[in-house]
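Only one structure is covered here, and it is reproduced in the block below.
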Amino acid sequence: MFDNSSIMVLLNDGNENPVQLLEVDKPTQMAICSSFAEAAVPLLSGKQIVTFNGSYKPNEDEVLSICNFHLPEIISDAIRNPLGLQTFSYDKDAEPDIRAVFVGERTEADNTEIFTVAFQRFRKEQYLSTKKFSLFFEENTFKRETRWGIGKASKIKRLAKNCGLEITVENEKIVIPADKKKLKETLGFLDEEVYKGVFTEDTYITNSKRKMQ
């Protein structure tokens, strides 16, 4: 699944070209597609299908389904002809405006197109990766980086200080502390689980969060 898929990005609303091609080298393309396939297979195999209603949280042996869902044309067109897309360009002076990274494949059965698409929501505040990989821009191509990495470390250090945390930065990279308590605080901050009380100005760590509607 997704063996020969191009890597594409879906940009946030307001962009003139909302779907663009992410130029990556071959090892990176293979790694990303393999990651999507490994995540997709368990979701599509041996699951009880439950109709999505917006309020039900599926169990591990269930998967939600939206009947008669029509894939947006900009997505299906991109999968049909990814090389016809505008290439996503790196701008060092602007934050990435990426909504999601996705891969997809197209097959035909009984003169009907069948699209299989996998999306990964892109959260620009999630800079640190410990399990998968980061992409670094080099020679007009995004390449895989498997080491611990973090972007805009100096900015993150300032934000951490505002929350009452001290984070060490060397060569524009965050130094991961060896102390377990400090490590938990650092990782909690990077996952938006550390905040400063409005009234007490004490620093707190929470193990759950819910976005306000």
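Things worth noting here:
- Residues in segment 1-29 that a label on D77 would reach, taking backbone N under 13 Å of a point 7 Å out along Cα→Cβ: 16-20
- In this simple spin-label model, placing a label point 7 Å from the Cα along the Cα-to-Cβ direction at both E62 and D110 gives a separation of 2.9 nm.
- Inter-site label distance for S55 and D93 at 7 Å from Cα along Cβ, in nm: 5.0
- Under 5 Å between amide hydrogens, built in the peptide plane, is the criterion, and for A100 it picks out L10, F122 among residues at least 5 positions away or on other chains.
- Among the listed pairs K155/K181; K47/K180; K57/K161; K26/K161, a Cα-Cα separation exceeding 32 Å is found for K47/K180; K57/K161; K26/K161.
- Charge sum, other residues only, whose C-beta stays under 9 Å from E166's C-beta, Lys/Arg counted +1 and Asp/Glu -1: +3
Here, each number is a calculation from the coordinates, and none is a lab measurement. In this text the structure is predicted, and so the values were computed from the model without any measurement. Virtual Cβ from ideal backbone geometry, glycine too; neighbours counted across all protein chains shown.
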